[in-house]
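See below for the structure under consideration.
The values are calculated or read from the model by the stated rules, or taken from the named source; none is laboratory data. The model shown is predicted, which means the values in this text are computed figures rather than measured ones. Glycine gets a Cβ as well: all are built from the backbone with ideal geometry, and neighbour counts include every protein chain shown.
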Amino acid sequence: MAFARDRMRTAQLALGLAILTALFLAVALWNGFPLVFYDTGGYLAEGLQGAFLAERSPVYSLLLFVTGGAVSLWPVVILQAAMTAWLVGETARIEAAQLSLQGLVGVGLVLMLVTGIGWYTGQVEPDCMTALVVLGAYLLLFHSTVLGPVRATLAAVITGLAVACHPSHLGLMAGLLLLAILLRLMRRDLRLKILPGLVALAIALGLILASNYALTRQVFLSRSASQFVFARLMQDGIVKRLLDDTCPQSGYRLCAYKSRLKTRADAWLWAPDSLFRSEGGFNGDHAEEGRIIADSVRRYPLLQVEAAVRDSVRQFFTFKTGDGIESQEWILKPEIQKMMPAQLPGYLAAEQQRGKLRFVTLNMIHVTVGMLSLLGLLLLLQRALIRGRWNEAALPGLVLSALIGNAIICGTFSNPHDRYQSRLIWLPTLVLLLARMKDPNALRPLEESGT
């Protein structure tokens, strides 16, 4: 009888995983083709043609190759949806152990209807991996023993892959590990293990180094971090101030162009008339940019902190769905026609390329739900801490820390964009749904005890 129950339980879990995967692919299926972004062409060129692009993750690019991107882009988004479904399912099993198959499907359906999860899992872009870093870190750090060796290994592999797919994920994972170490030192009674998280980070580092070597025959982590920081400092006006204060004595080459600098980071990095582009872009000589960054930090430390804080706060509350998800025919058609001509008809017939996507009404729901979920997350965390239930505070605390960390990393080392935070903002909604499944009174205010 026990064996039969185990088989039934396994079958239900497999069915739940399949349904969640289908739900998370719903947007791409409705679109008629995997969603694409401005950067998709770069990942395709890197993965399918072997061209190294310093600004694009070689790990995600090679993932497109491994999953058969030259033949179809559907396998990679199916894999993304399946990994997301598995981590959501494992988190649900731990947070709400008695959750039924119907309850799990209900959680997935609500996430699809009121958050932007499907717009990322169905997109050929590593943004969907950011949330997987957080869920994977939670499972590995707090529940690796419960998972058992097989599921813990799978969680470590998925988390390591997710971390490796974007440079910002390295900082996010490192920050979560540091937080876990501090918590472990402060609270010995926490069910918290650091080693599984370190294993995932080691997997990520190995994938990054190996992928960079495969494309360049050189070993390194990243060659583009300073360029994004410089662009953000230009947008914040710090580069212009430094040049005004030090030119011509400083001898910077940019002194001659200080009155013609871009005022937006994206324009400096991507505009056709940008000096950055004309000087070789990400493959050019960036020694002067590094010197300007260091000089500005020395001269204006308080201004640097003020700008970083302002950009981080702005990034934290900037999470509309649909940032850059628009018709990409003008930029991607030549690449797809050259690299994967058989997929061109499906690409051109997609709702996205036909200009059918509209996000104004959708964001009335997504942004509202995101803000309310943030408030609910704070309430959950407060209740757990007031009661001294540190293990109950683990998931909401880790998700909140990840949201803050992601905002700091993206706001400081790049510049605020809706997609950077919207790719994570569905996590608080998931936490609240699971809390309600576990305890219907989870969000009610605590009653003060009388005397």
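Listing for the model above:
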| read-out | value |
| --- | --- |
| Number of positions in region 256-265 that are surrounded by 15 or more Cβ atoms within 10 Å (Cβ to Cβ) and either in contact (Cβ under 8 Å) with a residue 40 or more places away in the chain or hydrophobic (A, V, I, L, M, F, W, C) (or both) | 2 |
| Verdict on V66 being of a type in the set (A, V, I, L, M, F, W, C) and without any contact (Cβ under 8 Å) to a residue 12 or more places away in the chain | yes |
| The listed residue being surrounded by fewer than 22 Cβ atoms within 10 Å (Cβ to Cβ) and more than 23 Å from the chain's Cα centre (by Cα), out of N363, N391 | N391 |
| In region 153-177, the residues that are within 11 Å of G197 (Cβ to Cβ) and either surrounded by fewer than 20 Cβ atoms within 10 Å (Cβ to Cβ) or modelled with pLDDT under 95 (or both) | A174, L177 |
| All helices (runs of 4 or more DSSP H) inside region 67-135 with 2 or more residues being modelled with pLDDT of 95 or more, within 21 Å of G346 (Cβ to Cβ) and of a type outside the set (D, E) | 74-95, 117-121 |
| Options P416, P428: the member that is buried (at least 20 other Cβ atoms within 10 Å of the Cβ) and touching a Cys at 6+ places or on another chain (Cβ under 8 Å) | P416 |
| Elements of type helices (runs of 4 or more DSSP H) contained in region 137-240, each with 3 or more residues being more than 21 Å from G411 (Cα to Cα) | 167-186, 195-216 |
| Count of region 23-59 residues which are part of a helix (DSSP H, G or I), of a type in the set (G, A, S) and buried (at least 24 other Cβ atoms within 10 Å of the Cβ) | 2 |
| When residues of region 125-140 are limited to those that are of a type in the set (A, V, I, L, M) and touching a residue at least 60 places away in the same chain (Cβ under 8 Å), the one surrounded by the most Cβ atoms within 10 Å (Cβ to Cβ) | V133 |
| Enumeration of residues in region 79-111 that are among the β-branched types (V, I, T) and in contact with a Ser or Thr (Cβ under 7 Å, 6 or more places away or on another chain) | T84 |
| Output for region 252-272, where each listed residue is within 30 Å of the chain's Cα centre (by Cα) and of a type outside the set (A, V, I, L, M) | K262, T263, R264, D266, W268, W270, P272 |
| Residue within region 307-324 that is at pLDDT below 95 and touching a strand residue (DSSP E or B) at 6+ places or on another chain (Cβ under 8 Å) present | no |
| Matching residues, region 362-393, being of a type in the set (V, I, T) and either at pLDDT 95 or above or in the same structural domain as V146 (by TED's automatic domain parsing) (or both) | I365, V367, T368, V369 |
| One residue from S422, S401 being in contact with a Gly (Cβ under 8 Å, 6 or more places away or on another chain), under 29 Å from L303 (Cα atoms), among the polar types (S, T, N, Q) and crowded, with 21+ Cβ neighbours inside 10 Å | S422 |
| Neighbours by Cβ (under 8 Å, 6+ apart or cross-chain): first from region 300-322, within 28 Å of G118 (Cβ to Cβ); second aromatic (F, W, Y) and crowded, with 17+ Cβ neighbours inside 10 Å | Q315/Y420; T318/Y420; K320/F359; T321/W119; T321/F359; G322/W119; G322/F359 |
| Some residue of region 286-299 being assigned to a helix (DSSP H, G or I), closer than 24 Å to Y38 by Cα and not acidic (D, E) | no |
| Residue check, K338 assigned to a helix (DSSP H, G or I) and without any contact (Cβ under 8 Å) to a residue 12 or more places away in the chain | yes |
